[in-house]
Amino acid sequence: MFNPSRDDVRRFFCEAWRKRRAGELVTPLEATALKWVDQHPEHNTLLDDAGSALTADFSVDRGESNPFLHLSMHLAIEEQLSIDQPPGIRALFTQLAARAGNEHDAMHETIECLGRVLWETQRGVLPADADAINDAYLDCLRRRASS
């Protein structure tokens, strides 16, 4: 299983961005990552400086969100949608996008559901059981898609 370190993830996004800016060929995964980087130009300055990106600290206590976590969640959900895993996520995402008016807003709502389920699992609110996690995740998406 692919298990990149924090620095691996940061290097991946910075390198994809560097390749884009240099006009070099990118891998399919990098192209998908760049699709979401394009939706978040506020991160371009950070991506321009890999050295700073590797050492940057994003503190929730200071109200900062981690752009690499955010972009990684975009990638994770993109993969989930491509294989419809957990089963039914693609249809729920389509409904959510129709309600939200666009894919990017639907993606952010999906990110909120995924983040919430991960947080609840880490804190023992949800059992560390794949079925329970998937059920809670899809229930969150269902509620958002129908509201």
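The values are calculated or read from the model by the stated rules, or taken from the named source; none is laboratory data. Every value quoted in this text rests on a predicted model; they were computed, and no experiment measured them. Virtual Cβ from ideal backbone geometry, glycine too; neighbours counted across all protein chains shown. Calculation scope for accessible area: heavy atoms of the full protein, side chains included, ligands and nucleic acids excluded. Shrake-Rupley method; radii C 1.70, N 1.55, O 1.52, S 1.80 Å.
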| field | Unique match (being open to solvent by less than 60 Å² (accessible area, probe 1.4 Å), in a helix (DSSP H, G or I) and free of Cβ contacts under 8 Å to residues at least 60 places away in the same chain) among 118, 75 | value | 75
| query | Taking the stretch 78-91, which residues are part of a helix (DSSP H, G or I) and open to solvent by 40 Å² or more (accessible area, probe 1.4 Å)? | reply | 78, 79, 82, 83, 90, 91
| Failed condition for residue 142, given (1) within 27 Å of residue 30 (Cα to Cα); (2) touching a helix residue (DSSP H, G or I) at 6+ places or on another chain (Cβ under 8 Å); (3) open to solvent by 50 Å² or more (accessible area, probe 1.4 Å), with all others met? | (1)
| task | List the helices (runs of 4 or more DSSP H) that sit entirely inside the stretch 1-56 and contain at least 3 residues that are among the acidic types (Asp, Glu). | result | 6-22
| field | Residue ID - nearest to residue 21 (Cα to Cα), chosen from residues in the stretch 48-70 that are over 19 Å from the mean Cα position of the chain (by Cα) and among the acidic types (Asp, Glu) | value | 48
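Determine whether residue 125 is closer than 22 Å to residue 69 by Cβ, without any contact (Cβ under 8 Å) to a residue 40 or more places away in the chain, out of contact with any Gly (no Cβ under 7 Å at 6 or more places or on another chain) and surrounded by fewer than 14 Cβ atoms within 10 Å (Cβ to Cβ).
On the way: closer than 22 Å to residue 69 by Cβ: yes; without any contact (Cβ under 8 Å) to a residue 40 or more places away in the chain: yes; out of contact with any Gly (no Cβ under 7 Å at 6 or more places or on another chain): yes; surrounded by fewer than 14 Cβ atoms within 10 Å (Cβ to Cβ): yes.
Yes.
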| said: It is to be established whether one or more residues within the stretch 99-107 are closer than 18 Å to residue 143 by Cα, out of contact with any Leu (no Cβ under 7 Å at 6 or more places or on another chain) and assigned to a loop (DSSP other than H, G, I, E, B). | reply: yes
